Structures are given as C-alpha cells and as structure tokens.
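Just so it is clear, none of the values below were taken in a lab; they were calculated from the coordinates. Note that the structure is a prediction, hence the values are computed from the model and not measured. For neighbour counting, all protein chains shown are included, and Cβ atoms are generated from backbone atoms with ideal geometry for every residue, glycine included.
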Amino acid sequence: MKIRTLAAGLLVGALTLTACGKEGTPSGGTGDTGTDAAALPTYTVAQNVDVAGSPTFAKIKGAGKLTIGVKDDQPGLGLKDPTTGKFQGFDIEIAKMVAAGLGFDESKITFTTVDSAAREAAITNGNVDYYVGTYTITDKRKTQVSFAGPYFMAGQDLLVRKDDTSITGPETLKGKKVCSVTGSTPIQRVRDQQLTEAGNIVEFQKYSQCVEKLITKEVDAVTTDDAILKGFAAQDPDNLKVVGKTFSQEPYGIGLPRDDAALRGKVDDLLQAAIDDGTWQKIYDATLGKSGSAATPPAIQRY
C-alpha cells in the first residue's frame, strides 16, 4: 500500500483530521473532506501587536505575511492533503494559533515544507519566520536556533509490521534494519547507542518513505517519536503497530532565530495562554488526539 494512498485515506479513516478555515470562522465548516471541524477552536486575531526588540517580528510585520516551516507527511501532526493542498494537524493548528496571537490570520500564512535536516538552515537563513514540526529541543540545536515551548512532550518508539513479534523494544534491534529521517534526533540516538549495526541504519528525507519501506519489508522498524508513529499505525492498523515502549523524552519546541529573545518570549506567552484557557487541549483533541493517544500540555521552559 502506497503512503500517498494512506495519507488520502486519513481524511475518511479513523484518524480524521480537520483543516482550519479563516480565522474567527468555523474551521472547515463548508469543506468537502467530511471532517469534524466543530471540534477545532477558532483563533482571535490580535490587533496592533508589537514585539519590541524583535528583528524577526519587524520583518514579518513589514511584509504583512508569515512564512512558517512545517512537515507535510506526519498524520495527526503536519499533513498536506494531496487533493486540496491544505495542511492540517496538531502542529499546523499550533502554528495558526501563534500566528493569530501575532496578528496574522490564515490568509496571511504561507506554510512551507522543510525536512528535518534543513530546519536550522531554514531558520537561520530567514527562509521561514518560525518552524513548527515535531522539532525536538536540544542543547546542540540551541547553538544555532532558539525554541519557544515546549508545546508537546513525545517519546521515541518503534513502528513495526503487525505480525512481527521479534521486536519488542530498543534492546531487540540488533541485526534489524532500522529507518528514520536524516538529521533527526531518533536516528542519532540509534547510532550513538549502537542499537543496531551501522550498516543496518537506513535514512530518508521523509518518515512516509520509511513507512513504505517497512510495509514492503525492506526495513524491519521505523523509529521516531511515538506521536508520529501512532498516526501512521492508525492509518493502517491491519499491517502496522507501535511497540509502545518509549525510550526517550522528546520536547517539541517552536524553532526561532537564535538571538531573537523578544519573539521567543512572546511565543512562550501565547503558548502559555493557550494552555491556560483550554485552547491547547481543544487543538490536541481535534487532531492528534484522534489517534487514541491522550496527552496533557507540558510546562513551558523559558530561558
């Protein structure tokens, strides 16, 4: 089964996602995807916003638009509908919520796909204004970019074929071909901890490519954060399963230019407000929560 077919099937399958419409209007209420748009909150667009001391905000305010880096192949998190071209999922809604707090409605947003290995360059070069796409906060990355959040806490896990009983956790990966995306924290952990032999590590630019290789039995496991893997498993429950034994903590943050402390503080404020007023939970329940995985918001870690 091709991943593109799987992704399209998401729109009518168990993991039904929703696309947000114009800010202040019911999300996707007249769309043709058949999704439960009523579950998503709407985001009030702030007026006369100013972020003193932020060169990034000055640039986007002058341009009158936002460019946000995202993923396009992660069910429940960041997925591009192959028919409509619209992006949807938890990360996408978090990005829209932040944009509204900065004074931009959806019509002023351009979502651009940035793969894992290119995230730091996209932020530092100014190709995106901020990045929301399962971006784990690490000290190493903080030398190049900064992070608001975290807005979600995930954990590394394994996706395997439904009939595979040989892989029960990271300690059973020796001799197995393990796939993840280039530049990701999970594949680096596999390499650093020597969970499988170096020759058995397989890397692609997108998780969907790894999942396709898993289905065709060219790799034995896909590893990344459990939130991502549960989305893929929900698309094809007859053939795929998540092992369910996490072996890390992966705090997702919003990637920002390294030295823009003013904008980081503002985005932290917006995330905290969304947590406090229940918006975060509504976003989660309407998107990633439909995978059957419960979650609560993490504590914001300001610095």
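Tabulated values for the structure
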| quantity | calculated |
| --- | --- |
| Helix runs (DSSP H) in the chain reaching 20 Å along axis by Cα, Kyte-Doolittle at least -1.0 | 261-276 |
| Label assignment, P(r) over Cα pairs in 20 Å bins from 0, in percent derived from the structure, set [x] 36, 57, 7; [y] 22, 43, 26, 7, 1, 0; [z] 25, 48, 24, 3 | [x] |
| Within region 93-129, backbone nitrogen closer than 12 Å to the virtual label 7 Å beyond the Cα of Ala273 toward Cβ | 97-104 |
| Too-long pairs where the Cα-Cα distance tops 21 Å, listed order kept, from Lys142/Lys177; Lys86/Lys241; Lys176/Lys217; Lys80/Lys176; Lys86/Lys290; Lys142/Lys290 | Lys142/Lys177; Lys86/Lys241; Lys80/Lys176; Lys142/Lys290 |
| Residues in region 186-227 that a label on Ala121 would reach, taking backbone N under 16 Å of a point 7 Å out along Cα→Cβ | 204-206 |
| Whole-Å semi-axes of the ellipsoid equivalent to region 156-243 (Cα gyration tensor, √5λ, descending) | 18, 14, 12 |
| Helix-only mean residue ellipticity at 222 nm for the chain, each DSSP H run of n ≥ 4 adding -39500 (n - 2.57), per residue, nearest 500 | -8000 deg cm²/dmol |
| For the chain, the longest site-free run once GluC sites (Glu not before Pro) in DSSP loop states with at most 13 other Cβ atoms within 10 Å are removed | 1-196 |
| Region 185-222 versus region 73-135: alpha-carbon centroid distance in Å | 25 Å |
